[in-house]
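Q: Shown below is the structure under consideration.
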Amino acid sequence: MIRSLLVDDHDDARRYLRTLLAEAHADVEVVGEANSISEAERAIAALKPDLVFLDVEMPGGSGFDLLRKLNRWNFTVIFTTSHQQYAIQAIRFSALDYLPKPVLPEELAAAMDRYREQQRSARPQAEVQDQFIANIAQPSPASFKLTIPHGDRTYFVPPSEIIRCEAERNYTWVHLGVDRRYLLTRTLLDLEHMLEPFGFVRINRGDLVQRASIGHLEAGHAVLKDGTRLEVSRRRQADLKALLAS
């Protein structure tokens, strides 16, 4: 059984999430609930959960504050949050999971699938946790580093070092150079939402490119400064040409 703790200052939100888990996730046992950071800290120490559903914004301190206090934690976190862009970007960049409120059953199911898959892989967590704490300490998402787990190592990469992202079904290759790329367990659409504010542009269904890495356009292709030629979809050619000219 997966021992879970629900942390949210709204009783109805905890009740609703408990119901969703009971209805569709028989392997999840809710061992406790907490409505504040201090109560959550005590519950974690006493109950030792495997999984914590953690609200980001609560009176008297955020879910981020709780993790700062713990410094290191030996459970998995799935954040729950209303649409607050800074919080969502910090979570995404740090390779942690979140559920937007109100939580939808299908999104909860996908998050639980990701949790179960994560439990089957032995990836280092201490460095990931440290980078998450470092990210949330930054004054803006511009200073975040993207967490890229790769085998038994984890890399932390500023967006400026990424040349392009290439779709591979539901995964994405992150290219940092001609001979350096890592497979990330995120869709290209996820990466587009994360990286668009940092000068990345979608040029076709399968490629997201850093604008600064494009050398020139030629015969319906974007020619990158490293020599890579990528086709630009017909409907995006005019917009890309205007963007590069601006």
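The values are calculated or read from the model by the stated rules, or taken from the named source; none is laboratory data. Everything quoted here is computed from the prediction, not taken from an experiment. Positions of Cβ are generated from backbone atoms using ideal geometry, with glycine treated the same way; all protein chains shown enter the neighbour counts.
Q: Among the residues of region 212-226, is there at least one that is within 30 Å of Q125 (Cα to Cα), touching a residue at least 40 places away in the same chain (Cβ under 8 Å) and in a helix (DSSP H, G or I)?
A: no
Q: Quick one: how many residues across region 227-245 are buried (at least 19 other Cβ atoms within 10 Å of the Cβ) and part of a helix (DSSP H, G or I)?
A: The number of residues fulfilling the criteria is 1.
Q: Conditions first: (1) touching a strand residue (DSSP E or B) at 6+ places or on another chain (Cβ under 9 Å); (2) without any contact (Cβ under 8 Å) to a residue 12 or more places away in the chain. A40 passes all but one, so which condition is the exception?
A: Failed condition: (2).
Q: Pairs needed: first member in region 85-103, touching a residue at least 12 places away in the same chain (Cβ under 8 Å) and not assigned by TED's automatic domain parsing to the domain that holds L184; second member anywhere, crowded, with 17+ Cβ neighbours inside 10 Å and part of a loop (DSSP other than H, G, I, E, B); C-beta distance under 6 Å; at least 6 residues apart or different chains.
A: A87/V56; F93/F144
Q: From A212, A219, grab the single residue that is on the phi > 0 side of the Ramachandran plot, exposed (fewer than 15 other Cβ atoms within 10 Å of the Cβ) and hydrophobic (A, V, I, L, M, F, W, C).
A: Step by step, each of A212, A219 is checked, and only A219 is on the phi > 0 side of the Ramachandran plot, exposed (fewer than 15 other Cβ atoms within 10 Å of the Cβ) and hydrophobic (A, V, I, L, M, F, W, C).
Q: What strands (runs of 3 or more DSSP E) completely inside region 130-177 contain at least 2 residues that are within 28 Å of G63 (Cβ to Cβ) and modelled with pLDDT under 95?
A: 146-150, 153-157
Q: Still on this structure, I have one more. Given the conditions (1) at pLDDT 95 or above; (2) assigned to a loop (DSSP other than H, G, I, E, B); (3) under 22 Å from the mean Cα position of the chain (by Cα), report the number of the one that D9 does not fulfil.
A: (3)
Q: I would also like to ask the following. Quick check on region 112-120. Is at least one of its residues farther than 22 Å from L54 by Cβ and loosely packed, with under 13 Cβ neighbours inside 10 Å?
A: Scanning region 112-120, I find at least one residue that is farther than 22 Å from L54 by Cβ and loosely packed, with under 13 Cβ neighbours inside 10 Å, so the answer is yes.
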